[in-house]
Amino acid sequence: MEEAQWYVAHTYSGYENKVKVDIEKTIENRHLEDQILEVTVPLQDVERVKNGQIQQAQEKVFPGYVLLHMVMNDDTWYVVRNTRGVTGFVGPGSKPVPLTEAEVRSMGLVSSGESKSVPVQVDFEVGDTVIVTAGAWADRESTVQAINPAKHTVTIYVDVFGRETAVELDFTQVKKK
């Protein structure tokens, strides 16, 4: 018997979870558990800062795609390809191409022992006008000069005794004007 590999199926945008559920039901109904081992829609945790508030969320890493750990044969190809919402496999023509080991590792499908930092999305960018909501500079209006996602900080300039001075603040201390 062939060894299972990771394949990528393209889906209609927004149908990824429905496709996953439908394939899992078909696997159970047709007793293909030993051939299609895993169906996944990779998600990542993100933090969004909006109006000075941190919000936790999950978003799809690859919108429009479902990853499958499976043994490729006529039965498994047919099941996946004929699932409502699936437009095809990734590969030339109708021939699916498995992911390489490096690709699988980089996607976190095989644990690499590394901890991943949570990406942060803010509702402002460099050049936007923001209002400081907390701290010594509260209620001041300024322009974003730099954003440091790793430290969760934003750099702005404030007027101190008639001179522009760079100030680094936490994301939660500013909000977009």
Check: Within segment 124-132, is there a residue that is polar (S, T, N, Q) and either in a strand (DSSP E or B) or open to solvent by less than 40 Å² (accessible area, probe 1.4 Å) (or both)?
Finding: yes
Next item on the list: Would you check which residues across segment 25-37 are touching a strand residue (DSSP E or B) at 6+ places or on another chain (Cβ under 7 Å) and either open to solvent by 80 Å² or more (accessible area, probe 1.4 Å) or at pLDDT 95 or above (or both) and list them?
Entry: Leu37
Check: Can you tell me which residue in segment 97-121 is surrounded by the most Cβ atoms within 10 Å (Cβ to Cβ), limited to those that are modelled with pLDDT of 55 or more and more than 29 Å from Val71 (Cβ to Cβ)?
Finding: Val120
Check: In segment 3-24, what count of residues is obtained for those that are of a type outside the set (Gly, Ala, Ser) and either loosely packed, with under 14 Cβ neighbours inside 10 Å or without any contact (Cβ under 8 Å) to a residue 40 or more places away in the chain (or both)?
Finding: 5
Notebook entry, point to check: Any residue in segment 65-79 that is touching a Pro at 6+ places or on another chain (Cβ under 8 Å) and surrounded by fewer than 16 Cβ atoms within 10 Å (Cβ to Cβ)?
Noted result: no
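The values are calculated or read from the model by the stated rules, or taken from the named source; none is laboratory data. Being a predicted model, the structure only gives us computed values, none of them experimental. For neighbour counting, all protein chains shown are included, and Cβ atoms are generated from backbone atoms with ideal geometry for every residue, glycine included. Calculation scope for accessible area: heavy atoms of the full protein, side chains included, ligands and nucleic acids excluded. Shrake-Rupley method; radii C 1.70, N 1.55, O 1.52, S 1.80 Å.
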